[in-house]
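A short worksheet on the structure shown next.
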Amino acid sequence: MLDYNAIAINTSPAISTGKQHLSGLEYAEYLNQMVQSFKLNVNENCKVLTLKKFKNIFIIQTNLGDFQCRDLIWATGEYKFPSIKPFKEAELCIPFSKIKSYTDFKEDNYIVIGAYESGIDVAYNLSKNNEVEGILLIDKTDTIKVNEQDPSISISPYSRQRILDNSNTNLDKIVIYDDVEINEVVKTQDGYSVFSKEDIFTTTQPPILCTGYLGGEYQIKDFFEFAQNGKPILNDFDESIKTKNLFLVGPHVQHQNVIFCFIYKFRQRFGIIANHIAQYYGLDNEKTIEKYRKNVMYLDDLSCCEHNCIC
Ligand SMILES: Cc1cc2nc3c(=O)[nH]c(=O)nc-3n(C[C@H](O)[C@H](O)[C@H](O)COP(=O)(O)OP(=O)(O)OC[C@H]3O[C@@H](n4cnc5c(N)ncnc54)[C@H](O)[C@@H]3O)c2cc1C
C-alpha cells in the first residue's frame, strides 16, 4: 500500500525518514528529494502577481518576470489564504495561520472561534501553557460530536483523542460552546466582546480565528466559477469550467460530495490532469496509467467515494 503522505509512486517519506509521524521539516526534505529525483524546475521566491490569457496562451506575470504556457496547473493550497471575513470585524482576530508559536500566548484567557482541526490544535496547545487559565472554544456546529468516516467532514481521530483525553487535566481549562454562531467581534476598553445571537463572550486578548480557508484560487477568481460552498467548479479533468486548460490540484478540489482535502485524497487526481494533457500531445500513456491505478493514484471513478466505506 502506498505511504499515506507520498506524492509519487515508489516513494515513501516514512521509509526515507524512518518515522511514522514526520515533522514539517522532514516532510519538506522528502519534497526536496522529489524535486531532485524528478529534476523539477522550481523557481523559489517567485510570486505570481497576475494572470492573463490571450487566445490559448496564459501569461503569468511574476516578480521574476513573465512566463507563458498553454496548460496551467494551479496548486496554491489554502493555508496562506484564511477566510478572514466570516463575520463582522473578524479582522480584529488573529488568523490561525499567523501563529508561529504558542510560547508567546501567556495571558490568562483566550477565545478560539472555530472548533475543527485548527481550533482544536490552538485550544490544546494553549491549555499546555501554565499562565493560561481559561479557553473558550466556540463553533457554529457540534464538530466534536460528529463522528463520520470521512475525515473531510469530521475531526480526525488524532484531534478527537487530544481534546477528549480524560487523563489530561490541562483540558479542564477548555470550555466548548457548540452550536453557537459568532456574528461580530467588537473592540472594547478592556479587550474584545464576541457576539452570537444569544450570547456575549468577553476576553482581554484578540480572539483566534480558526474558521477555515478561502483557497489560493481566489487570487485568480475571475478564471473560475464557484459553487455555493465556495469551492471552484471543475470538470472531469479538474479543469476550470470557466477557463480551458486551467487545472486545479490540492485541497480545494471537490466533485459534488467527494472532497479531496487531504494529500492521500488529492494525489489521486494528479494523474487525471497529466493524462488529459498528455492526450493532447498524442502521448501513449496506457502503461503509466495502469501503474498509477495499481498504486491507488488514479481515481477517475468517483462513484465509489460517495458512499461510506466498510472499514
Ligand atoms: C491547518 C491545516 C492542517 C492540515 N493538515 C493536513 C494533514 O494533516 N494531512 C493532509 O493530508 N492535509 C492536511 N491539510 C490540508 C493541506 O492543505 C494539504 O494537505 C497540503 O498542504 C496542500 O498542499 P498544496 O501543495 O496543495 O498547498 P500548500 O502546501 O499550501 O502550498 C501552496 C504553495 O503555493 C504557494 N503560492 C500561493 N500563492 C502563490 C502565488 N501567487 N505565487 C507563487 N506561489 C504561490 C505558497 O507559497 C505555497 O508554497 C491541512 C491544511 C491546513 C490548513
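With the requirement that a residue be surrounded by 16 or more Cβ atoms within 10 Å (Cβ to Cβ) and either basic (Lys, Arg) or at positive phi (or both), what does region 213-235 give you?
Start the filter on region 213-235 by keeping residues that are surrounded by 16 or more Cβ atoms within 10 Å (Cβ to Cβ), which leaves 213-220, 223-224, 231-232, 234.
Scanning region 213-235 gives 215, 231.
Could you tell me whether any residue of region 188-208 is at pLDDT 95 or above, under 23 Å from the mean Cα position of the chain (by Cα) and not in a strand (DSSP E or B)?
Yes, region 188-208 has at least one match.
Where in region 1-116 are there strands (runs of 3 or more DSSP E), lying wholly inside it, with at least 2 residues that are within 14 Å of the ligand (Cβ to nearest atom)?
Numbers: elements: 48-54, 57-62, 65-69, 72-74, 109-113.
Correct list: 48-54, 57-62, 65-69, 72-74.
Being assigned to a loop (DSSP other than H, G, I, E, B), within 22 Å of the chain's Cα centre (by Cα), away from the ligand (no atom under 11 Å from the Cβ) and assigned by TED's automatic domain parsing to the domain that holds residue 201 is the requirement here; does residue 123 meet it?
Details: assigned to a loop (DSSP other than H, G, I, E, B): no; within 22 Å of the chain's Cα centre (by Cα): yes; away from the ligand (no atom under 11 Å from the Cβ): yes; assigned by TED's automatic domain parsing to the domain that holds residue 201: yes.
For residue 123, the condition - assigned to a loop (DSSP other than H, G, I, E, B), within 22 Å of the chain's Cα centre (by Cα), away from the ligand (no atom under 11 Å from the Cβ) and assigned by TED's automatic domain parsing to the domain that holds residue 201 - is not met.
Take the residues of region 237-259 that are of a type in the set (A, V, I, L, M, F, W, C) and free of Cβ contacts under 8 Å to residues at least 40 places away in the same chain: which is nearest to residue 75 (Cα to Cα)? Let's see the steps before the verdict.
So the first thing to find is which residues in region 237-259 are of a type in the set (A, V, I, L, M, F, W, C), and the list is 237, 241, 246-249, 253, 258-259.
Then keep just the ones that are free of Cβ contacts under 8 Å to residues at least 40 places away in the same chain; that gives 237, 241, 253.
Details: 237: 15, 241: 17, 253: 10 Å.
It comes out as 253.
Go through the residues of region 233-246 one by one and say whether even a single one is of a type outside the set (D, E, K, R), within 16 Å of the ligand (Cβ to nearest atom) and under 19 Å from residue 4 (Cα atoms).
Within region 233-246 (the criterion being of a type outside the set (D, E, K, R), within 16 Å of the ligand (Cβ to nearest atom) and under 19 Å from residue 4 (Cα atoms)), the answer is no, since none of the residues qualifies.
Quick check on residue 53: is it among the basic types (Lys, Arg), surrounded by 14 or more Cβ atoms within 10 Å (Cβ to Cβ) and touching a residue at least 40 places away in the same chain (Cβ under 8 Å)?
On the way: among the basic types (Lys, Arg): yes; surrounded by 14 or more Cβ atoms within 10 Å (Cβ to Cβ): yes; touching a residue at least 40 places away in the same chain (Cβ under 8 Å): yes.
Yes, satisfied.
For residue 242, indicate whether it is at pLDDT 95 or above, of a type in the set (Lys, Arg) and touching an Asp or Glu at 6+ places or on another chain (Cβ under 7 Å).
Values: at pLDDT 95 or above: yes; of a type in the set (Lys, Arg): yes; touching an Asp or Glu at 6+ places or on another chain (Cβ under 7 Å): yes.
Against the criterion (at pLDDT 95 or above, of a type in the set (Lys, Arg) and touching an Asp or Glu at 6+ places or on another chain (Cβ under 7 Å)), residue 242 qualifies.
Can you find, within region 247-268, the residue that is surrounded by the most Cβ atoms within 10 Å (Cβ to Cβ) among those that are more than 14 Å from the ligand (Cβ to nearest atom) and part of a loop (DSSP other than H, G, I, E, B)? Quick ask: steps written out before the conclusion?
Pass one, region 247-268, residues more than 14 Å from the ligand (Cβ to nearest atom): 255-258.
Then keep just the ones that are part of a loop (DSSP other than H, G, I, E, B); that gives 256-257.
Details: 256: 9, 257: 12.
The residue in question is 257.
Please pick out the residue among 6, 115, 75 that is under 21 Å from the mean Cα position of the chain (by Cα), more than 27 Å from residue 160 (Cβ to Cβ) and in contact (Cβ under 8 Å) with a residue 60 or more places away in the chain.
Numbers: 6 fails: more than 27 Å from residue 160 (Cβ to Cβ); 115 fails: more than 27 Å from residue 160 (Cβ to Cβ).
On inspection, the qualifying residue turns out to be 75.
Do we have any residue at all in region 115-130 that's of a type in the set (S, T, N, Q), closer than 26 Å to residue 263 by Cα and either surrounded by 19 or more Cβ atoms within 10 Å (Cβ to Cβ) or in contact with a Gly (Cβ under 7 Å, 6 or more places away or on another chain) (or both)? Let's see the steps before the verdict.
Quick first cut of region 115-130, residues of a type in the set (S, T, N, Q) only: 118, 125, 127, 129-130.
Okay, now just the ones that are also closer than 26 Å to residue 263 by Cα, so 118, 125.
Checking which are either surrounded by 19 or more Cβ atoms within 10 Å (Cβ to Cβ) or in contact with a Gly (Cβ under 7 Å, 6 or more places away or on another chain) (or both) leaves us with 118.
Scanning region 115-130, I find at least one residue that is of a type in the set (S, T, N, Q), closer than 26 Å to residue 263 by Cα and either surrounded by 19 or more Cβ atoms within 10 Å (Cβ to Cβ) or in contact with a Gly (Cβ under 7 Å, 6 or more places away or on another chain) (or both), so the answer is yes.
Take region 159-201 and flag every residue that is of a type outside the set (S, T, N, Q) and touching a helix residue (DSSP H, G or I) at 6+ places or on another chain (Cβ under 7 Å).
Keep residues of region 159-201 that are of a type outside the set (S, T, N, Q), which gives 160, 162-165, 171-182, 184-187, 190-192, 194-195, 197-201.
Within region 159-201, 162, 163, 165, 171, 173, 174, 185, 187, 192 qualify.
May I ask you to say which residue of 80, 88 is modelled with pLDDT of 95 or more, closer than 30 Å to residue 194 by Cβ and loosely packed, with under 15 Cβ neighbours inside 10 Å?
Details: 80 fails: modelled with pLDDT of 95 or more.
Sole residue among the options that is modelled with pLDDT of 95 or more, closer than 30 Å to residue 194 by Cβ and loosely packed, with under 15 Cβ neighbours inside 10 Å: 88.
Confirm whether residue 271 is surrounded by 17 or more Cβ atoms within 10 Å (Cβ to Cβ), within 21 Å of the chain's Cα centre (by Cα) and at pLDDT below 95. Full working, then the answer.
Numbers: surrounded by 17 or more Cβ atoms within 10 Å (Cβ to Cβ): yes; within 21 Å of the chain's Cα centre (by Cα): yes; at pLDDT below 95: no.
Judged against the criteria, residue 271 is not a match.
Report whether or not residue 135 is in a loop (DSSP other than H, G, I, E, B) and aliphatic (A, V, I, L, M). Spell out the reasoning first.
Working: in a loop (DSSP other than H, G, I, E, B): no; aliphatic (A, V, I, L, M): yes.
Answer is no for this residue.
The values are calculated or read from the model by the stated rules, or taken from the named source; none is laboratory data. For clarity, every value in this text was computed on a predicted model and none was experimentally measured. Glycine gets a Cβ as well: all are built from the backbone with ideal geometry, and neighbour counts include every protein chain shown.
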